[in-house]
Amino acid sequence: MSNKLLTPLNIGAFDLQHRLVLEWPLVADPLDAPADQLAPPSDCLLSGGLVIHDPGALIWPERTSQVSEEDRIKSIWGTTTNNAKLARQSSVARLRGDIALQIPHRPNGILALTQHDIDKIIADYVDAAHRAKSSGFDGIELDSSFGSITDLFLMPSTNLRTDRYGGAIVQRLNFVLELVEALTQAFSRDRLGIRLSPFPRGFEGGRCKVYDDVLSSLRDQEIAYVHLELSEGFDTRVLKSAPPAKALRRAYPGIFVTSGQQSLQFAMDLVEGRWADAVCFFSPQLDAQFLSLLKHA
């Protein structure tokens with residue numbers, strides 16, 4: 001049986017030669033980062049795929065002190081994305097928000113945000129997306145994983161608002177849907193993914209039900225993909241048979257990318273069983289042993 005991980009896949013605007021998505025770690029300061037921390041993979045097995053970068057200071061330039069530094073950071077990422085194109089890689093920038101900047105000195109969390117604050121947060125994401133695009137990134141992945149401001153809006157335990165952003169799930173969804181819509185000012189929907197954490201600590205009935213509704217709403221947004229973070233301890237049997245996992249797959253018939261501490265065999269089983277369409281690996285996992293196993297799988 002052939003390895004389905006190495007078969008082509010279309011994800012929105014990206015025509016990929018395989019289903020292995022690579023994630024590079026956060027680059028807090030690209031001015032001091034070693035070259036290999038920014039370089040796309042050169043192994044021929046991994047060319048023609050999708051790479052997720054975490055550009056750090058490019059996305060949130062408030063952390064830099066001088067305009068000249070911002071320009072240098074943008075130039076470095078421009079070189080990185082150009083090199084990725086030479087390797088036939090598509091590069092997306094992970095838009096990871098900074099809670100310390102978004103909700104500074106506010107013990108009441110998102111409850112304290114005014115409409116002006118919310119509009120400013122959304123505008124900051126859009127500005128970040130434009131910076132990513134001008135630096136050569138082919139798309140963006142909105143980080144709405146566990147602990148993000150988006151996650152705080154979605155969960156009833158952290159969203160105690162009583163306006164249009166709080167209350168029933170249909171209202172708690174307003175922030176993420178408005179954010180996705182705003183990001184289309186920079187990238188078309190087929191170049192936009194979103195990262196979610198439906199079960200960060202295993203199956204939690206309330207949380208999983210929330211994400212059934214989230215995924216049902218995202219189905220109508222026609223974005224490129226949904227990236228689901230899996231917690232440790234999951235195996236293919238659980239994902240294919242547990243009711244909460246089956247419900248998530250039914251709620252969103254589009255492209256699922258999954259990530260976690262999975263082995264190569266787990267990744268192959270996920271794709272072969274059609275629970276996931278592609279699997280994301282963190283770059284340190286891609287050592288010589290991994291590549292050898294992949295080649296001979």
HN-Hα couplings for region 114-126 via Karplus (6.51, -1.76, 1.60; θ = phi - 60°), in whole Hz with x for Gly/Pro, come out as 7, 4, 4, 4, 5, 4, 5, 4, 4, 4, 5, 4, 5
Highest mean packing first, using Cβ neighbours within 10 angstrom, the peptides 247-255, 207-215 sort as 207-215, 247-255
Sorted by chain and number, the residues with a modelled amide H under 5 Å from that of Leu228, at a separation of 5 or more or across chains, are Leu196, Val257, Thr258, Ser259
Ranked output for segments 256-266, 3-13 by mean other Cβ atoms within 10 Å, highest leading, reads 256-266, 3-13
Note, region 181-188: 3J(HN,Hα) by Karplus (6.51, -1.76, 1.60, θ = phi - 60°), whole Hz, Gly/Pro = x, goes 4, 5, 5, 5, 5, 9, 10, 5
Partner lysines whose C-alpha sits under 30 Å from that of Lys120, ignoring same-chain residues fewer than 8 away, are Lys74, Lys133, Lys209
For region 267-275, in residue order, the Karplus 3J(HN,Hα) values (coefficients 6.51, -1.76, 1.60; θ = phi - 60°; whole Hz; Gly and Pro = x) are 4, 4, 5, 4, 6, 4, x, 6, 7
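Mind ranking 117-129, 218-230 by how tightly packed they are, going by the mean number of other C-beta atoms within 10 angstrom, highest first? Before the final figure, lay out each step's value.
Values: 117-129: 17.4, 218-230: 21.1.
Going by the mean number of other Cβ atoms within 10 Å, highest first, we get 218-230, 117-129.
Readers should treat all values here as calculations from the given coordinates under stated rules, not as data from a laboratory. Computed from a prediction, not measured in an experiment: that's the story for all the values here. All Cβ positions, even for glycine, are placed from backbone atoms using ideal geometry, and neighbour counts span all protein chains on display.
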